[in-house]
Every structure is written in C-alpha cells, then in structure tokens.
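One structure is given here, and the rest of the page talks about it.
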Amino acid sequence: MDQYNEKGFVEEPASHHYPADGSDEYVAKEGVQVEDAAIDSHDRKLKRSLKSRHMGMIAIGGTIGTGLFLGSGTTLTAAGPAGALIAYLLIGSMVYFVCTSLGEVSTFIPVSDPFNHFATRFLDPALGFAFGWNYWLSWMLTVGSELVACGIIVQYWLPNLTGVIWSLIAMIIMFGFNAISVRGYGEAEYYFALIKVLAVVIVIIVGILTITGAIGGHYYGGEMWHRPGAPFNDHIVGILKACITAAFSFQGTEIVGVTVGESANPRRDVPRAIRSVFWRILLFYILAILIVGLLIPWDNEDLVKSGGVKDVGISPFTTVFVLAGADWAAHVMNAVVLITVLSAGNSGLYACTRVLWNMAKEGKAPRIFQRVTKGGVPIWALVFTTFWSCVLFGISFIGNQDVYIFLVTISGVTGFVFWLGLALTHWRFRKAYVHQGFDIKDLPYRAALFPFGPMYACFLLTIIIVGQGYSTFTPKFDAQGFFSTYIALPLFVIMWLGWKYYKKTKFVKLDEADVTHGTLLEMERNGEIEIFPYSPGLTDRVINFVLRRNPQQH
C-alpha cells in the first residue's frame, strides 16, 4: 500500500512508477489501461542536459517564426491596423493561458510528452493516443514544409540553382543537430533564437525611429490609422480572419513543454520560461504588429503577397527597413527567415522524436521507437520522422502542389487541436488534484486565473477551429478548400475512437486520476532530479525587494 508524507505524495521508489525522464511504463489506476513495453534500462534514459539558458531561449525561439516575419502583413490587410492589433491581443492572451496551463502540469509532472501523457492520466487514454499522434503529425508536416521553404529562400540569392540541394543540406543539418545529443539541439536553438530575438528588437527600434521621423525623413505618427477603411477593415469578420492567421503564427510556443523531460532543473527553469511568455508575446507580437500598422497602409497591395517564404522581399518587416532608408534590408531579412525556418525544422524533429519515444513506452507506437543512443537521442524515432518529412518534401518536389498545400493545412489545424487538449487537460488535472484533497499551494508552479484561463482558451480555440473554413463558404462554396481545412478533425476523431474501441479505454474519473506518482517532488526526494538552491529571476528579485521578502522563504 502506498505511503504518503505530510504533503500527500507517495514515498515509494519512483522506479515503480515514473522515473525522472518519464521513461517507464505508466502504472495507472483502475480504468486506465497502458501496455507494458519492456526494454533494457540502458535504452530508457533521456539526458537531463538542457540548462536554464537553453530553456529560456527555446521558449523564446518557439514564439518567433515565419508567421511573425511574413504573416503579419496578411493580418493587417484582413482587419486593418486596429483590427490586427485586437486579433493579436486576443490570440496572444489565449496562447498565454495555454502556456500557463502547460507549465503548471509539466512542472508538477516533468515528462517529454505532455500531450499524450497528461491526456492519458486525466482525460482518457484514447484521447492521449489521439493527441500524441496528432502532435507528431503536425510537426512532421511542419518539418517537411520547412524543407521546401529552405530551397525557396536560398533561391532568392541563387535563382539559377535548384532548391532541392539546399533543402537536403538543411535536412542534414537539422538531423545532425538532433542526432548528436539533446545538448546539440539545445545549443542550436539557443543561437537560432538569439538571432531571431535580435532581428525583432532591431525592427522594433528602427520602426519607432521611423514613425517619429528620426530616420527616413518623414513623420508618420498615426496617419495610417486615418486612411479610408482604417482603422478597422471588414469589422468583426476581418478580426476573425486576422485571429485565424495570427493563431497560425503563434504555433510552436508549446515546444518548451516537450523539453521539460530533459531539463536539468525543471522546478526553476520551466516556470521561468512560462512566466516570460507574457513579455515575449507583448514584445515580439503586439508591439511588432502595432509598428507595422503605424508604418504601412493596410491596403498596400504587397501585404497580400507577403504570406509566403518566396515573398520575403515584400515582408512587412523588410518594408520597415526600406522606409527607414535601408534598401538592403531584404537580404538581411531573407537570412533571418532562413534561420527561422531551420529553427522550426530543428524544433520539429526534436518534438516528434520525444513524443514518439514516450508513446512507444506506453505501447501506443512501435517498440523500436524506444531505442535511445548513449547520447540520449531516440534515434529510430528521429529516423522515422526524418523519412516521412522527406516524403512530404518529395511530394512537393515532383510538382503536386495541391497535395503539399493540403498537408500543410492539416499541420496548422492539428496545432489548434492539441492546444485545445492542453487547456482541457489542465482543467481536469486541477479539478482532480483538489478533489483528492491536495493543496494547490504545494504545486511548484500555479497557472494564473484558474479556471478562467483554460476556459477562455477553450472558447477561443473552438471558435478558431470552427471558423477557420469561413473563406471556403464565401463568395461560393470551395469543396477542395473545405476538405483540406477540416479533414484534420475527423482524422483526430478516428484515432480517438479507434484506439478507444481497440483498447476499451474509459474516461478517467476525478478520484481515479493519478496525481501522486511521477511528480517532481517524488523525483527530487528519490535523487532522480538534483535539488538546486532557490535562484530568483529578475521578476522575483523585484517582488522580493518591494515586499521586503526573504528570498530563502520564497
């Protein structure tokens, strides 16, 4: 029988349940069925090698993607400067609550596959299966699309050379970073993210100087908000369109949740990374779209064309530099977008391999994906993902663009589905935790404004998932567009109900949900994760100073 301490957590050796890297099979309570997947312990270990600086930059890097550099123009055209700003505020707030939901559960139970694992423990093992494979599918398709993008971007400089060569080189680079070790991935993402952050900060500074007339020779002020059709274009419908585009640009922010299973200090680093989400959204998205809307007319014809990687020369960020008098900006932004694409592909391979590895441990994927190298890399999961990403790239290469666009659309929709799953999982976890008599003060990290946060995220995500196919209905019905937009939803339902029927799984009741095994506290007590002394970040130091609070009593 389990022995509990004064906090209510299990004192048994964690090897009977979840080890620090989340690798052992899930020993579930009654009603939760997971297969045994035995394998030598030598092959079970992931390495907790990601340091604080890696976690912080990975969190930042997941926020900044091609959706920001290239897609911001589309939102401005769809809704006007004020409408685009509102759309980014709405979606940014929703993403913030999704990330805090992920942060609370991931810090409490630090595993490498929050999408399958948490849904299995707190919702339904069949939903866990569907969310896990849904997440793998989303990122695998993303990696394939980034390979295509790499070839297009390099052709911006070398138009007479085929982009296939550069795409394959990019694949080799991304595979190499992931195959070396988790440190290889972490170091690559650290520098990729650093470059992206510097690019956005420079754009913001240059934009402010241009708006005020300090450079560029013209004072813009708020004149772009007073043009005909501004500040709102198409009113509510325009804002909805902009929300959908903005939501796509935020995808990737959840990647920090996958890195938890390989964080050296999840108690400190995960909450720090999650807390920074608010400032990252405010700086990199809200402020950026505000500056773009103050400098570029919402009805600028080039904005409509700026949504794809081949149009980097007319990216809104490039236009900001051009208005400041820097005509060479297109080359700089092209290099930044190339780095962004490599970063997205690098992160996609990492996320896919960890999710496949964990699902194989639970019997939801082929056992071969459990294999881990001495460097802590799930090598066959990496090879499998690389293979299918290359297949997707090959489909585009042979000229079947309709298939390619169809698959990329699925990638975006599946992203919204697993975000919805994160919000639902957090809500269910907190309900079960309190229902079983535990005190939320014992949680290493608590999400703000519960239950409003996950409920608000679920509401907005439902609207986005349902409303994203709006354009396929007007001005006339587009059957192909409708099919490509919504096909991801029945695929998810088929995976869910198919696994439920095959395994006869049941919905997890509140009193059956496992909130005691594999927790961070249990891992620290059993020496599976090193206990680091409390090290306050900048925000904590300010709060401690204002409240005259002793940091050691934090």
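One residue is enough: does segment 426-447 have a residue meeting the conditions surrounded by 15 or more Cβ atoms within 10 Å (Cβ to Cβ), closer than 22 Å to A351 by Cα and either touching a helix residue (DSSP H, G or I) at 6+ places or on another chain (Cβ under 8 Å) or among the aliphatic types (A, V, I, L, M) (or both)?
Looking through segment 426-447, at least one residue is surrounded by 15 or more Cβ atoms within 10 Å (Cβ to Cβ), closer than 22 Å to A351 by Cα and either touching a helix residue (DSSP H, G or I) at 6+ places or on another chain (Cβ under 8 Å) or among the aliphatic types (A, V, I, L, M) (or both).
Which of the residues belonging to segment 71-112 are open to solvent by 10 Å² or more (accessible area, probe 1.4 Å) and under 14 Å from the mean Cα position of the chain (by Cα)?
If the condition is that a residue be open to solvent by 10 Å² or more (accessible area, probe 1.4 Å) and under 14 Å from the mean Cα position of the chain (by Cα), then Y96, F97 are the ones that fit.
Only one residue in I211, I202 is open to solvent by 50 Å² or more (accessible area, probe 1.4 Å) and either closer than 28 Å to I91 by Cα or charged (D, E, K, R) (or both), so which one is that?
That would be I202, the only listed residue that is open to solvent by 50 Å² or more (accessible area, probe 1.4 Å) and either closer than 28 Å to I91 by Cα or charged (D, E, K, R) (or both).
Given the criteria part of a helix (DSSP H, G or I) and open to solvent by 30 Å² or more (accessible area, probe 1.4 Å), does V320 qualify? Lay out the reasoning, then the answer.
On the way: part of a helix (DSSP H, G or I): yes; open to solvent by 30 Å² or more (accessible area, probe 1.4 Å): no.
No: the conditions fail for V320.
Does M57 satisfy the criteria of being more than 25 Å from L461 (Cα to Cα), modelled with pLDDT of 90 or more and part of a helix (DSSP H, G or I)?
Answer is no for this residue.
Could you list, ordered by first residue, the pairs with Cβ atoms under 9 Å in which the first is in segment 165-176 and free of Cβ contacts under 8 Å to residues at least 60 places away in the same chain and the second is polar (S, T, N, Q) and surrounded by 15 or more Cβ atoms within 10 Å (Cβ to Cβ), at least 6 apart or interchain?
Within 9 Å, the pairs are W166/Q155.
What do you reckon, is I314 among the β-branched types (V, I, T) and modelled with pLDDT under 90?
yes
Just a yes or no: is a residue in segment 184-193 in contact with a Ser or Thr (Cβ under 6 Å, 6 or more places away or on another chain), in contact (Cβ under 8 Å) with a residue 12 or more places away in the chain and of a type in the set (D, E, K, R)?
no
Looking at T142, T77, T100, T120, which is the one that is in contact (Cβ under 8 Å) with a residue 60 or more places away in the chain, within 26 Å of N300 (Cβ to Cβ) and among the hydroxyl-bearing types (S, T, Y)? Outline the logic, then answer.
On the way: T142 fails: within 26 Å of N300 (Cβ to Cβ); T100 fails: within 26 Å of N300 (Cβ to Cβ); T120 fails: within 26 Å of N300 (Cβ to Cβ).
Exactly one residue qualifies, and that residue is T77.
In segment 113-141, what residues are outside any helix (DSSP H, G or I) and either surrounded by 24 or more Cβ atoms within 10 Å (Cβ to Cβ) or of a type outside the set (A, V, I, L, M, F, W, C) (or both)?
Going residue by residue through segment 113-141, those that are outside any helix (DSSP H, G or I) are 113, 123-124.
Within segment 113-141, D113, D124 qualify.
Can you tell me which residues in segment 223-270 are over 30 Å from E189 (Cα atoms), open to solvent by 10 Å² or more (accessible area, probe 1.4 Å) and part of a helix (DSSP H, G or I)?
Those that are over 30 Å from E189 (Cα atoms), open to solvent by 10 Å² or more (accessible area, probe 1.4 Å) and part of a helix (DSSP H, G or I): E223, M224, W225, H226, H235, I236, V237, I239, L240, K241.
Those residues that are surrounded by fewer than 19 Cβ atoms within 10 Å (Cβ to Cβ) and closer than 14 Å to F131 by Cβ, I need them from segment 486-497; list them, please.
Correct list: L489, L491, V493, I494, L497.
Does any residue in segment 218-244 that is free of Cβ contacts under 8 Å to residues at least 40 places away in the same chain come within less than 6 Å, Cβ to Cβ, of a residue that is surrounded by fewer than 21 Cβ atoms within 10 Å (Cβ to Cβ) and assigned to a loop (DSSP other than H, G, I, E, B) six or more places away or on a different chain, and which pairs are these?
Close Cβ pairs (under 6 Å, with a partner that is surrounded by fewer than 21 Cβ atoms within 10 Å (Cβ to Cβ) and assigned to a loop (DSSP other than H, G, I, E, B)) amount to Y219/G213.
Look through segment 363-376, keep the residues that are surrounded by fewer than 24 Cβ atoms within 10 Å (Cβ to Cβ) and in contact with a Gly (Cβ under 9 Å, 6 or more places away or on another chain), and return whichever of them is modelled with the highest pLDDT.
This residue is A365.
Is there any pair linking a residue in segment 465-488 that is at negative phi to one that is among the hydrophobic types (A, V, I, L, M, F, W, C), with Cβ under 6 Å and at least six apart or on different chains, and which?
I465/F416; G467/L240; Q468/I244; G469/F482; T472/F482; S484/F406; A488/I410; A488/V413
Could you list, in sequence order, all residues of segment 271-290 that are assigned to a helix (DSSP H, G or I), open to solvent by 10 Å² or more (accessible area, probe 1.4 Å) and either more than 21 Å from A193 (Cα to Cα) or small (G, A, S) (or both)?
Listed by number, the list holds a single entry, L290.
Being at pLDDT below 85 and of a type in the set (V, I, T) is true for just one of V408, V391, V355, V417. Which residue is that?
V408
Report yes if M174 is part of a helix (DSSP H, G or I) and open to solvent by less than 10 Å² (accessible area, probe 1.4 Å), otherwise no.
Taking the combined requirement at face value, the residue satisfies it.
Being in contact with a Leu (Cβ under 8 Å, 6 or more places away or on another chain) and modelled with pLDDT of 85 or more is the filter; apply it to segment 178-194 and report the residue that is surrounded by the fewest Cβ atoms within 10 Å (Cβ to Cβ).
A179
The values are calculated or read from the model by the stated rules, or taken from the named source; none is laboratory data. Keep in mind the model is a prediction, meaning the values are calculated, not measured. Cβ coordinates were reconstructed from backbone atoms using ideal geometry, including for glycine residues, and neighbour counts include every protein chain displayed. Ligands, DNA and RNA are stripped out before the accessible areas are found, and what is left, the full protein with its side chains, is counted by its heavy atoms. Shrake-Rupley method; radii C 1.70, N 1.55, O 1.52, S 1.80 Å.
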